[in-house]
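See below for the structure under consideration.
The values are calculated or read from the model by the stated rules, or taken from the named source; none is laboratory data. Model, not experiment: these values are computed from the prediction. Heads up, the Cβs are rebuilt from the backbone with ideal geometry, glycines too, and the neighbour counts pull from every protein chain shown.
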Amino acid sequence: MFKSFSQFLLFTLLCLNHFSSHAAEIVKLDRIVAVVDQTVITEQELEGRIRTVTAQLTKQGTELPPENILRKQILERLISDALQLQYAAQTGLKVDDNQLDKTIERIAEQNQLTLTEFSEALAKDGVSMRKFRADIRSEITLARLREREIESRVNVTESEIDNFLTTQASNNENTDEFEISHILIRTPEEGATEEIQKAKAKVDEAAQALAQGTSFAKVSASFSDTPNALEGGNLGWKTSTQIPALFLDALKTMQVGEVSAPLRSPNGFHILKLTNKRGGNSPLVIEQTHARHILIKLSEVMSEKEGKQKMDGIKERLDNNEKFEVLARQFSEDGTASNGGDLGWVNPGDTVPQFEKAMNELKDNQISEPIRSPFGWHIIQVLERRKQDMSKEAARLKARKEIRTRKGDEAYQDWIRELRDRAYVELRLEDKF
């Protein structure tokens, strides 16, 4: 094959150079930037996430932090996600393809696109449908994991709600709600003096950047240790009872748009921005409807056509003045059948949209035509309507939600920290930070 040893040597060298160049390319593409227990995060994955986040922040008009800070923030987010996804897999939490397909269909519909058009739109942005599906699957998994591990364990008692409302009532500022953004420079619970001084220097640097006109969102992305640092640290609207006393004391004297001086708490240094403020004590008066219904459910035994025919027969009997409650007890397949189909007082949003729309179009004592909903075929009768002040009920529901949100956020952060402490994490991009 080779006429001389020199030809063989030249061929060998060319092959080695060829393989070396491809190996170097492979190493570059697949370079590991972090080892997270049983999985790795590659540089390609990190760079892809950086491009996505950069595009989002640019679209929002948010100033980007320095590149090394952005890389560190995003790598930490990827590590946190990887730990959670591994834990989900280990504990048998999966998202089936059917649920994933429905979610993607809903996303496409929200964008007023067919699946084909949506796929083409993603391709124009450089995102394959395969990658998009993987990302959505991960998002659903993370949401379900949090619900399973955190939300299901968070319990809000009636006494907690009572205490919440009592505190709110005794607080002169209870009518105020604050929209705030937050920067946190975290310190260890039992940090050494040197660590605390380092954190103090960092928060002073952040405060100085804000004083010089740097946007709060950019400073948050560059300095903050909160999970939503890249989103500007926005905490949304909070009532006075949701806000720690340290924060509330500072917010009382601040004007909208103003930034606080650094605040010290046991878990670190904080800087707040009061984005907006509003009163929150107006009465909630809603229109309630006293209604009753007859329901015929659809099943393998009861087809769509048969269900409609049966309901048409019931409607004909109602039109011939047979009593609604008697026919409800006889035919309705709802839990209210024994009570003549009486639903009691119905609030807006208590029923599915198809039912509510039909009910709202009825006059008092009027009986509807057969109405189709996801539950089957209904006939509805409106008995009466009234205006009702639901402020107390709404206040309790709001209090429950706020307490649950606060307890859930605290429990989630603690759980993520424990997950990270138990894991083996090796960073391989320290030189870039």
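I'd like the full set of residues that are hydroxyl-bearing (Ser, Thr, Tyr), more than 19 Å from the chain's Cα centre (by Cα) and over 16 Å from SER224 (Cα atoms), limited to region 52-76. Within region 52-76, THR54, THR58 qualify.
Tallying residues that are out of contact with any helix residue (DSSP H, G or I) (no Cβ under 9 Å at 6 or more places or on another chain), assigned to a helix (DSSP H, G or I) and small (Gly, Ala, Ser) within region 197-215 yields 3. Residue-level check: of (1) of a type outside the set (A, V, I, L, M, F, W, C); (2) at pLDDT 90 or above; (3) over 30 Å from LYS59 (Cβ atoms), GLU194 misses just (2). All of LEU70, LEU85, LEU46, LEU115 fail the test of being in contact with a Lys or Arg (Cβ under 9 Å, 6 or more places away or on another chain) and surrounded by 12 or more Cβ atoms within 10 Å (Cβ to Cβ), apart from LEU46. Just so you know, in region 247-263 the residues that are surrounded by 14 or more Cβ atoms within 10 Å (Cβ to Cβ) and out of contact with any Phe, Trp or Tyr (no Cβ under 6 Å at 6 or more places or on another chain) include one that is farthest from GLN197 (Cα to Cα), and it is MET254.
Among residues of region 85-117 being in contact with an Asp or Glu (Cβ under 9 Å, 6 or more places away or on another chain) and over 28 Å from ILE416 (Cβ atoms), the one that is modelled with the lowest pLDDT is ASN111. Of the residues contained in region 170-188, none is found to be in a helix (DSSP H, G or I) and either among the β-branched types (Val, Ile, Thr) or at pLDDT 90 or above (or both).
Taken over region 314-336, the criterion of being touching a residue at least 24 places away in the same chain (Cβ under 8 Å) and not acidic (Asp, Glu) is satisfied by ILE314, LYS315, LEU318, PHE324, LEU327, ALA328, PHE331, SER332, THR336.
Based on what the data block shows, is GLY307 more than 13 Å from GLN381 (Cβ to Cβ) and surrounded by 12 or more Cβ atoms within 10 Å (Cβ to Cβ)? I'd like the intermediate steps shown before the answer.
Numbers: more than 13 Å from GLN381 (Cβ to Cβ): yes; surrounded by 12 or more Cβ atoms within 10 Å (Cβ to Cβ): yes.
It is true that GLY307 is more than 13 Å from GLN381 (Cβ to Cβ) and surrounded by 12 or more Cβ atoms within 10 Å (Cβ to Cβ).
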